[in-house]
Each structure stands twice: as structure tokens, then as C-alpha cells.
Number of protein chains: 2
Amino acid sequence: MPSGAPPSPTTPLLTLPGGLTVAFERRAGPGFAFDLRLPVGSAHDPRGLEGAGGLLEEWLFKGATTRAGRTLDARGLQDAFDDLGVRRGGGVGAEATRLSVSGLTADLPAALHLIGDVLIRPVLPEGELDVLTDLARQDLEGLQDSPTDLLAIEARRVAFPPPPGSPFAGFTHPASGTPDSLRHLTAAPLRAHLGRYGQTGAVLGVVADLDPADLLAHVTAALGDLRPGQNEPVPAAFQPGTQAHVTEEDAEQTHLSLTAPGVAPTHPDWLPWQIALTALSGGSASRLFHAVREERGLAYAVSASPVLLAGQGFLSVYAASTPSRAPETLDVLHAELARLPLGLTAAEFQRARTGLTTSLVFSGESLRGRAGSLTRDVALFGRVRPLAELRAALDALTLDDINAFLAGYDPAAQLSTVTLGPDAARPARTVEAACA
Amino acid sequence: MPSGAPPSPTTPLLTLPGGLTVAFERRAGPGFAFDLRLPVGSAHDPRGLEGAGGLLEEWLFKGATTRAGRTLDARGLQDAFDDLGVRRGGGVGAEATRLSVSGLTADLPAALHLIGDVLIRPVLPEGELDVLTDLARQDLEGLQDSPTDLLAIEARRVAFPPPPGSPFAGFTHPASGTPDSLRHLTAAPLRAHLGRYGQTGAVLGVVADLDPADLLAHVTAALGDLRPGQNEPVPAAFQPGTQAHVTEEDAEQTHLSLTAPGVAPTHPDWLPWQIALTALSGGSASRLFHAVREERGLAYAVSASPVLLAGQGFLSVYAASTPSRAPETLDVLHAELARLPLGLTAAEFQRARTGLTTSLVFSGESLRGRAGSLTRDVALFGRVRPLAELRAALDALTLDDINAFLAGYDPAAQLSTVTLGPDAARPARTVEAACA
């Protein structure tokens, strides 16, 4: 439902013989955006080789050979992208690596070919690895100066420890690796890791003003030769009741992170959960904003958001408070989660539904955003969810639906809690008391 | 040039009798976005009352009386916005306060009225000030944990000290104020400060599918009674050659900020300057990205961007590096700026122009983005610049135009340099040597 455009034509999913799924939405206008999602993320880094995916993604762009046999070095490849005037985006997430490009429609075939060249025929020059390892190390140093990033990594490490015996490093480390693992990321293991990046489980979302058959021809020419690769989800075994505190004596604030189970994208309670999350944290009248910020002035920023890992949904709550008021902040967050099973009021329900409906209208607006949604929909929901269908599903929900779901949803009972700040104000005891 | 929409109809600027300028673009679709820019920012905070604008913006939303005489308390006002399902944005910048709302077109009049109520008939309850001051204090504590934010504040303080005798605090402090000034922000001075917020110099950018006459009627009903207010630009007197180092012994990285003069938005060299900035920092083939990151692995992030203050343009360069390599990073940044007067190559020029042209196509895409551009255009350029006109102007530029401009543009000769990190690696001497 992009503003100004006719309702999106829902092209059926196309699948290349090699396995790549293409989700395409035709839209009038001069621009295109595509988003290629390969199901290999930092969680797939081999144990002891944390950062492999992050480093490899950078290394891929250090040169490639075109289908016509011309070899571009690092500079030549960068110039080729910039000559098109396209914008590149994406990056390495926990479960997937995304390569995104947007630009003017005439340049779509060339941009697809460049991405294909990078994935299928990369040069992988060993002489570049030192600089790339240096950059990864700089990124890790930067993380040390960012309490919110450190907290997020620690929260995931505590809530989702890797299952014993798994070959994967899992959710315990930043995408840039660890100071130790970076020493082991040499050419041979990185080249071996590249074998995972292929068509199996990969999704390409494209928005452009093209005939679907033409688009498919371009995609086939550019990516049809991509290796099969591997699609091996990394399990996320949530640990309820875990707690950790990271001591940062010099921190001016104490940062709090709570993680709890949520609802899987494919579960019928997905939309009721989204309504509940919006009532909890979706606007200036939301429960957390009101209780933590407006009523008590405990934290400048407070939020709750869904986190999706291994096909499951989780609730993640964040706040940062003056160290002396951190225990009270944690108590208030806890109390707000604990009263969720009592349900929403009719006004809260209406407000949350109206807010989600409006977000939906705006979510289709940008080419880049919509290309990402197409890819995400296929990866998480197994299909593209038409915006009109989502809107109708929201319209059909009732307060009773939400409250029937909430009656059985008690995130406060299964929290994983991580705090970061000075030790003096360590709020862990309060958590233990509240959880008892 | 939004994708999917017909070329934007350029409605002439409308002006309310009280002085408010309305920039309107009609666009088919279910959504609207507006952006109200009032020319009062943190630079207008009275000396000793730093944070006045930031606190007042929060206080305004703590209750208001409607035109019909109904008084909404803080909660009632938040509920009224959330009942509409609209999203609020904006905030307090150095030179202006922006109040932005987006949602579904049927709710545009109600949203305009709520913003009018807040500005014209706020309750300003004194009982809320303690909580708001607490929040501002928390925000300041959070800044202490963010090296990049601290660096940005220090860079502005050093480069733009307030002229002696000015009643304004100027560009020396964060929008949340200072620990000391927050003690003096009581009800009386804040109420007095509100007198500045009015129609004079204010701009409302609106994108919606409405008849211009209807839009003007809604705006007049909602904002026609807004006080005149004051439009008093705060001068920014740039200090070339200044240097400062902020000691952060625990920082893992040294953060570097360079500021230099640039080009004013209304100057004929504005577009040549944009081309030069894009060649310097606009893509993976740009000079800074290549010299600092790709060739030497000195910094994970490096960027140059334009900063507009007091109708002038300035160049701001940022990088963060391992402390031991910070001096080298600073040298490389310096060298890249110093060779700008030698001009761009033809390939660099083509690439930068292509990149800017593509950005232009995407910049018109989102309702919120376009509403903000309308407001910004009027505030900075005195009119709305049609995207087609900008594109034609880019097309008409030649390499000679750019290089004629660059021959007289030597930012390295007039730098203000601020570094933040451990003292041991303080790179100030290097700067002095380089500037000598």
C-alpha cells in the first residue's frame, strides 16, 4: 500500500532451478531496490573462528571476476558499483547475511551481475586480509566504548548459550568476532566457509518497474550459477531465569536488558503478540513509556521489541537509568511485564491496533524497505504477506482475542536479565527477590 | 520524483496572515506527513539556562486546552495522539525545534489541531518539571557514556564559541542543558522562553492528498492563532586553527573530529561543494573511505558531511581509530583535505554526480522525508527546490565547474580539530606540525 502507487501486485514466488527464491513486487517509478538474504550469519561462524562471516563479507568485495572473464581488483569493483550510482547496504546479522542494492532501474541488471560476480567468482586476495582483520579489531574496540552494544551482546550470550557439541559459535559474539578468534581467521578457513553461501534457503526480494519474466531472466543470468550452499539453522535454546552483571565502573548509567519468550512468526498468536507489544511500548501512551519515563522519570529511553531467532520470537526490553535508580527501574519493568496476563483495556487495544494499521501503510512506502520486507517475509513467514491481507487480519482482531492470548502469556516468569554499569548499584538482588 | 507518483505538483508557498509559511506538496495515497519547524533551537537557550528549549519542548506535551475549551492532562494528550494512530517525531536541534506528525489523511486536521493546542494553549503544569529535569539529567549522563556524542558537542563548542555579549548560549552545550543549568530551569524562565515560539520564521511542510485550499483552511484553524514569536538567528563565528583534546583514559578508541568552512546553501558554489563532498566521502570509491579504511585499515568508520549553521555551510569530518594509530589517521585525513584544491578526476566527478542524482530520486520517496525536505528547503534556501530542477542543475555541471570551485577551496588550511581518547596517544602535536 505505498502512497501514490496502485495496490501492490503480488507476483507469485519464483524459484531458480538452483533453489534461490525470488520475491518480486512490480512498482511504477524510476528506481529499483533489491535485497539478497543468504541464510549464513554470525551464528554460523565455526567455534573458535568467530567473525568468519563478518570478515568474509568484507573480503568478497575485495575483487571479483565478471562472467565475461574480466577481473576487477578491490578498487575496480568499488568503482564499478559507484559508476552505477547505486547504493549498497546490508550486512551480517546473527542468522543471515544481506546484500542490498538500490538505484535507477536501467542499472538493475548490472548491479545484479556485480553481486553475482562477488558471490560466485570472488578473487579473495590474501594480501587484503591484514587490513580487514585490523578493521574488525577496530570495530571490537569501538564496541567497548558503547555500553548499549556491549549490553546487547552480553544479553544474547547469557540468554542463548550454544548447545553443547554444536559446531557453530551461535549467538555469543559480535559479528566482528573476538580478539582471539581474529588471529585464527586465515585464508583457508575463510575460503571453506564461503561454501555455505549459496542458493539453498536464499531469498532475493526485488521491487522495480519490470516485467516479471524480464526480472527472472536477469536474476538467472546473474545468480543462476551460484553454488548450492547450505541452509542449516542454528538452534536458539533460551535460558529462562539467567542473570548477569557486567561491571563498568566508569559508566554514568546502568543499562538494563530483559529477554523473555515470545511468539513465533508462524504461530496464530503472532498478531495478538504484536498488539500486546505495541500496547507495552508502541507510543507515548504505551505502558512502559508511561510507567518508566512519564510518571517516574526513571529512564530517558525505554523500549520493548520483538527479536526473532531460529524461527522463534522473543521479547527484548531495554532501559538505561541513573545507577542509584536502576533497581527501581528494574522493578517497574518487571511489574509491567508481570501484569500483561491481566490483559489490555479496550482503549489500549484500539490504540495499539490503530497504531499498527498506520505503520503498515507507511511500511510499504520506500523501495528499500519494501524489498527488505519481501525477503524477510519469505524467510520468516514462508511467503509474502500482502499488506491488504495484514490490514484485514488486524481489523478482524478483537479485544477478547488479545486477552485470551495474554491470559497465557507471562514473560515476567521466564526472564533472562543482564545489567551493565557500576558495581555499587548492581541491581541483581532486586531481580532475584522479584523472581522468587 | 517519488517512485510510483506523478511528478510533484509544486504548489506556491502559502503564508498565513500571522507569518507562518506553508510549503505543500499534493501526493495521491492514504497517508500524510507534516513537519513544523520553529526557528528556536538549543542555540537560543539563554546563557545560564542551557537546556531551556529542550525542557520546554517536553513540557509543552504535558497538557493543553483545545479550541473548544476542553483541557487535556499529560495522559489525555498522549492518548489523543495515540488514538489517531499518528506517529510523532521531530525534536530540538541547534537552530530550530521541529514538531512532525504522520498518519492517515483523515486524521490530518485533528493532528494539526493537537499540535496547535500544544503550542498555543499549553497547560505547563509545574508539578511535572521535576520529572522532566530528571530525564534531562539522565540524558546528560547517557551522553557521558557515548564518545561520539561527547566529541560532537566538544567539536561544536571549540569551533563555534559564543560571541562575547550575546544573550544566547549558542552552540556550546547539548540540547538537554548542563548539570548546572538544569538547576535554574524553573517555571518562570521557561514560560518566558515560550514567547519566542511563534509564526515568525516558522515553516510548515505538508505532503498529503488534499486540495490546497482545504489544507490552508485546516492550517489556519489550527495554527492561525499562534503568537508572533521571534526569529532571531544566532550567529556562528567559526574559529579556524583551534584544537582541543578530551581525555578519556578508558576509551578503547581515539575519536577525531575536524571542522572547516564550507559553502552556504544560497551560494552558487553549493552544488559544486556537494559534488566535492560526495567524491570525498560518498561511496565505497570515495577518497576518505579508500585512503583511511580500504588502503590502511586505520578506522572502521570515516565520513565527511556538511553541517549548516547560521546560514553558512561547514565541513565536518569524523573518524575513530586505535589510539596508537590516531596520529596517522589524522595525518591521512589532513592530506586528503589538503589535496582537494588540486581538483577531481573526470571519473570521480562522473561518479559523484551519478550518486547524487540517484540519491535525489530516492529522497522524494517517503512522505516523512519529503515533508522534512519541504520545510528544510524553505528554511535554508528560501523556497522549495523542485527535484526536477535540482536534477537538471546537476546535469548541467561540468568537471571544470567543480575544479574551478575547488581551486579556491582549501579546508585543510582552516581546520578546527578536536580529539577524544586516552592521553597517551593524544594526536595534537601531529596536528600542529601538519598545520605549520
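The mean count of C-beta atoms from other chains within 10 Å of the C-beta of residues in A:250-262, rounded to a whole number, is 2. Database remark: amide H of B:GLY51 closer than 5 angstrom to the amide H of B:GLY177 (H placed geometrically; neighbours at sequence offset of 5 or more, or on other chains; Pro and chain starts carry no H). Taking amide H atoms as placed 1.01 Å from N in the peptide plane, the amide H of A:TYR197 lies under 5 Å from those of A:GLN230, each 5 or more residues away in sequence or on another chain. Comparing mean-square fluctuations of A:GLY262, A:GLY205, A:GLY408 from a GNM of chain A with C-alpha springs under 10 Å, the top value falls on A:GLY408. Structural descriptor for chain B: relative contact order 22 percent, calculated from alpha carbon pairs under 8 angstrom and at least 6 residues apart.
Residues in region A:147-154 carry Karplus couplings, in order, of x, 5, 5, 4, 4, 4, 5, 5 Hz; the curve used is 6.51 cos²θ - 1.76 cosθ + 1.60 with θ = phi - 60°, and Gly or Pro positions show x. Burial annotation for region A:52-85: residues with an accessible-area loss of at least 20 Å² between the isolated chain and the complete set of protein chains, computed on heavy atoms with a 1.4 Å probe, are A:GLU58, A:LYS62, A:ARG75, A:GLN78, A:ASP79, A:ASP82, A:ASP83, A:GLY85. Taking the centroid of alpha carbons for each part, region A:138-175 and region B:81-112 are 37 Å apart. Rolling a 1.4 angstrom probe over region A:68-194 with all protein chains present gives an accessible area of which 53% lies on carbon and sulfur atoms. In percent, rounded to a whole number, the relative contact order of region A:281-420 is 23, using alpha-carbon pairs under 8 Å and six or more apart. Counts of other chain beta carbons within 10 angstrom of each beta carbon in peptide B:280-292 average 3. Charge dipole of chain A (Cα centre as origin; +1 on each Lys and Arg Cβ, -1 on each Asp and Glu Cβ, all else neutral): 880 debye, rounded to the nearest 20. The solvent-accessible area of B:VAL92, taken with every protein chain present and a 1.4 Å probe, is close to 40 Å². Put the Cα centre of region B:240-272 next to the Cα centre of region A:342-375 and the gap is 39 Å. Per residue, region A:295-379 exposes 33 Å² of solvent-accessible protein surface, assessed with a 1.4 angstrom probe and all protein chains in place. Ligands, DNA and RNA are left out, and with a 1.4 angstrom probe the accessible area of region A:41-198 is 36 Å² per residue. Taking the accessible area of region B:274-427, probe 1.4 Å, and keeping the other protein chains in place, the carbon and sulfur fraction comes to 53%. With θ taken as phi - 60° and the Karplus curve 6.51 cos²θ - 1.76 cosθ + 1.60 applied, the whole-hertz 3J(HN,Hα) list for region B:159-173 is 7, 10, x, x, x, x, x, 5, x, 8, 5, x, 9, 9, 9 Hz, x standing for glycine and proline. Once backbone amide H atoms are built at 1.01 Å from N, A:HIS245 has A:THR419 as its partners under 5 Å, excluding neighbours fewer than 5 places away on the same chain. B:ARG383 exposes around 100 Å² of accessible area when a 1.4 Å probe is run over every protein chain in place.
The dipole here belongs to the protein assembly as shown: it is taken about the Cα centre, uses +1 on the Cβ of Lys and Arg and -1 on the Cβ of Asp and Glu, and is about 1460 debye.
Interface area, chains B and A: about 5700 Å² of buried accessible surface, summed, with a 1.4 Å probe and ligands, DNA and RNA left out. The relative contact order of region A:118-182, computed from alpha carbon pairs under 8 Å that lie at least 6 residues apart in sequence, is 34 percent. Summing Cβ point charges (Lys, Arg +1; Asp, Glu -1) relative to the Cα centre of region A:195-292 gives a dipole of roughly 340 debye. Phi angles of region B:108-123 translate, via the Karplus equation with coefficients 6.51, -1.76, 1.60 and θ = phi - 60°, into HN-Hα couplings of 4, x, 5, 5, 4, 5, 5, 5, x, 4, 5, 7, 9, 10, x, 7 Hz per residue; Gly and Pro are given as x.
The values are calculated or read from the model by the stated rules, or taken from the named source; none is laboratory data. What you see is a predicted model, and the numbers here were worked out from it, not measured in a lab. Positions of Cβ are backbone-derived with ideal geometry, glycine not excepted, and every protein chain shown enters the neighbour counts. These accessible areas exclude ligands, DNA and RNA; they are computed on the full protein's heavy atoms, side chains included. Shrake-Rupley method; radii C 1.70, N 1.55, O 1.52, S 1.80 Å.
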